[in-house]
Amino acid sequence: MTSLFIDADACPVKAEAERVATRHKVRMYVVSNGGLRPSQNPLVETIIVPDGPDIADIWIADRCGPGDVVVTGDIPLAARCIEAGARVLKHNGEALTAANIGNVLATRDLMTDLRAADPFRQGGGKGFTKADRSRFLEALEREMRLAQR
């Protein structure tokens, strides 16, 4: 049975994910270390984990598997979920797979090193757009259908 796991800290697409989960009648786990308003939807379970580094990530990685979909922007978590057999999407709709996760991890590590080497380097990236939200909805719909096969 398919489940949808949301790495909810700083996730801009929780409401969209809930709509897709409801349409597919799939259990959705919204995992964070607090500060979220629980959904009244009976298919959505809000999981509050203790404070600490990567506790929410560990909770998700320990429970996801083949047939599940995980939404996260955390690349190391994505790698663990892919290894467990889950389908993974970033918040902008980009699918992370066994074929591309190695390059994504390497790029992440390179950027971390570059930021550490230059303390004046400005980070931040680009903002989350309506187009990102739309791409996410399309991608989540596709991944849910594939996961339920």
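The values are calculated or read from the model by the stated rules, or taken from the named source; none is laboratory data. This is a predicted model, so every value here is computed, not measured. In this analysis, Cβ positions are derived from the backbone assuming ideal geometry, glycine residues included, and neighbour counts consider all displayed protein chains. Side chains included, ligands, DNA and RNA excluded: accessible areas come from the protein's heavy atoms. Shrake-Rupley method; radii C 1.70, N 1.55, O 1.52, S 1.80 Å.
Assuming charge only on the beta carbon of Lys and Arg (+1) and of Asp and Glu (-1), the dipole of the chain about its Cα centre is about 660 debye to the nearest 20.
Hey, what number do you get for the chain at 222 nm if only DSSP H runs of n ≥ 4 count, each worth -39500 (n - 2.57), divided across all residues, to the nearest 500? Can you show the working numbers first?
On the way: 5 runs with 64 residues, N = 149.
It comes out at -13500 deg cm²/dmol, rounded to the nearest 500.
Modelled spin-label separation between residue 134 and residue 149, with each label point placed 7 Å from Cα along the Cα-to-Cβ direction: 2.7 nm. Helix 130-147 and the long axis of the chain differ in direction by around 60°, with both axes built from C-alpha atoms.
The chain: percent of C-alpha pairs farther apart than 28 Å? Taking all Cα-Cα pairs of the chain, the fraction more than 28 Å apart is 17 percent. Note on residue 128: accessible area is roughly 80 Å² with a 1.4 Å probe, heavy atoms of protein only. Only protein heavy atoms count here; on that basis, with a 1.4 Å probe, residue 2 has an accessible area of about 10 Å². Selection among 77, 93, 20 by position relative to the dipole of the chain gives 20 as farthest towards the positive end (Cβ unit charges, Cα centre). Secondary structure note: in the chain, about 10% of the DSSP beta bridges are antiparallel.
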